[in-house]
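Here's the structure we're looking at; comments come further down.
Coordinate-derived values only; no laboratory data. Treat the numbers as computed from the prediction; the structure is a model and nothing was measured. No Cβ is skipped: glycine too gets one built from the backbone with ideal geometry, and neighbour counts run over all protein chains shown.
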Amino acid sequence: MNIPYIRVQLKPYFKAIRFWLVFFFLLRCYHITNPPLEGSNNWRQTTVTMVARNFVEGHANPLYPQLDIGGEKSGITGMEFPVLNYLIYLLSKVFGYTHWYGRIINLVVTSFGLFFFYQLLSKFFTKEHSFFATLLLLLSVWFCYARKIMPDTFSVSLVIIGLYYAHSYLLESKGMLTASLAFLFIVTGTLSKLPAAMLLPVILPLMMHAPAAKRRIMSVLLIAIALIAYWYYFSWVPYLNTRFEFTHFFMGMPFSKGLRQISEHLHLFATRFYHDALGYVGFPLFILGIVLAIRLKQKKLLLLLLLTVPLLLIIILKAGATFYNHDYYVIPFVPVMATFAAFSLVNIGSHKWRYLLLVLLTAETIVTNNIDFYIHEDMAAIQQLEPALNGIGSSSDRIVINSGLVPTPMYFAHRKGWITSNDSLQQPTFLMRLKKEQCKFVVILKKRFGSPIELPLPSAFQNEDFTIYRMDEEGN
């Protein structure tokens, strides 16, 4: 007799977006303390943790972010404004540094971003449509990236929160405090990662319906946001790269080159949408949503597409091969895709089909991203680099690692120095140059991130995963 009663009582919770946000938040807390060593994007996560740790151990000036892979140079370089990195630093000032703070910060901010996404959509569409759109966004590529130490879902979430406050200020009886919150969240999100600004054009139709005084104030705030972002990305970042002679982060390419690269790899480009963004279940719903919106003359939906697609095209052309080589470049556009896919679900007459599709999408998401919740044993071995190096030298020693372009091993070595290839290390002139630049040890990774080679140098440490060579026998 209790079972039907329990079902009746629980049913409203299943229809509440808060329930699912909390449920999937807790689900993604599984192994949240893992090091940034999952198979995908560990390299990108460690560039965030490097900067955060250097804030903790050095000068905590967010205008001078520092990597560990600058060789003999300081490692200070231009990058996106280190908001996430700095939050990790602030948390570390209270509790001591550890890498997984970035995971929980991103997960918290992204979860709030999803809630504000639901609240914002509810001002334009039905509660049902907003519910499905938020659930689809949660189950998209956002599912795994919300727990990675990366600024992608983090930055877009901040912009979405800012858009909610912008709407409240422009079209509701809200004052300057709300306008200030809109400015704060939007400028922080845009600085965190510039492509997050893709969603900003949706403010334009809101301003058209707002009182003249509020339009003027919001225009000033948007111009200020644009000027701040322009100064940072197109003046300060190039200055850092030139001043400190070290460029690492990708800042785009000419449109013509990007177009050529995309046109030569259309299949790889397409996979970012039909495979990564919403998955094999969600992408057909997105396409169907566009068809239905055109057929049913849904002006609000079509306007959303018209306002965001031009900026998406700019990002695609500026990124070129980087767009189709990395699945996270599509993240800023996925809220738009989820909104259209949800429109398809709303217009499916049978509730059973709706929930079946959601179950299939959930299963696809969990199966696809399951690998990100575990660290492979071979990958975990890289954590022994720091103890091994501590046993034969000091933390100030410069080292070189054969990890190619991947900075991950340098982060776990907790040293500064160079990352390079086996081919370079087998050139005597290259080794001589490194020695002159005060390189003390050469780390040869044998499994993950590198492959074994023999060098004409004395071995200082060796196990099945890596060998550490000393650059001179005396250790001087």
Q.
Only sites in a loop by DSSP and with at most 14 other Cβ atoms within 10 Å count here; which trypsin sites (Lys or Arg not before Pro) in the range 286-373 make the cut?
A. 297
Q: Taking each pair of different alpha-carbon atoms in the range 11-166 once, compute 1/r for the pair, average those values, and report the inverse of that mean as the Kirkwood hydrodynamic radius in Å to one decimal.
A: 16.7 Å
Q. When we measure straight from the Cα of residue 352, which lysines land under 23 angstrom away, once same-chain ones fewer than 8 places off are left out?
A. 11, 15, 127
Q.
Going by amide H atoms built from the backbone, whose H comes under 5 Å of the H on residue 462, apart from near neighbours?
A. 468
Q.
Rounded, prolate or oblate, given the Cα gyration tensor of the range 208-255, with a/c below 1.5 counting as rounded?
A. prolate
Q | Percent of alpha-carbon pairs separated by more than 19 Å within the range 426-476 | A | 24 percent
Q | Translational D in µm²/s for the chain (Stokes-Einstein at 37 °C, 0.692 mPa s, Kirkwood Rh from C-alpha pairs) | A | 136 µm²/s
Q.
Give me 334, 94 sorted ascending by neighbouring Cβ count inside 10 Å, so fewest comes first.
A. 94, 334
Q) When 181, 27 are ordered from fewest to most other Cβ atoms inside 10 Å of their Cβ, what list results? A) 27, 181
Q.
I'd like the FRET efficiency for residue 97 and residue 242, computed as 1/(1 + (r/R0)^6) with the beta carbon distance as r and R0 of 45 Å, rounded to 0.05.
A. 0.90
Q: With unit charges on the beta carbon (Lys/Arg positive, Asp/Glu negative), name the residue among 413, 88, 387 whose Cα is farthest towards the positive pole of the charge dipole of the chain.
A: 88
Q) Shape of the range 378-470 from its Cα gyration tensor (a ≥ b ≥ c, root eigenvalues): rounded if a/c is under 1.5, otherwise prolate when a/b > b/c, or oblate? A) rounded
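Place a +1 charge on the Cβ of each Lys and Arg in the chain and a -1 charge on the Cβ of each Asp and Glu, then give the dipole magnitude about the Cα centre in debye, rounded to the nearest 20.
In debye, rounded to 20, the chain gives about 2080.
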Q. Counting only residues 5 or more places away or on other chains, whose amide H sits under 5 Å from the amide H of residue 401 once H atoms are built in the peptide plane?
A. 418, 419, 420, 443
Q) When the Cα centres of the range 317-382 and the range 126-199 are compared, how far apart do they sit, in Å? A) 18 Å
Q) In what sequence do 256, 424, 168 fall when counting other Cβ within 10 Å, fewest first? A) 256, 424, 168
Q | Signed unit charges on C-beta, dipole axis of the chain, positive-most listed residue 399, 287, 348 | A | 348
Q: Provide the per-residue ³J(HN,Hα) series for the range 424-431, in order, calculated from phi with Karplus coefficients 6.51, -1.76, 1.60 and θ = phi - 60°, each as a whole number of Hz, with x at glycine and proline positions.
A: 5, 5, 8, 9, x, 5, 5, 5
Q. Once label points are set 7 Å from the Cα along Cα→Cβ at both residue 63 and residue 223, what is their separation, rounded to one decimal in nm?
A. 2.4 nm
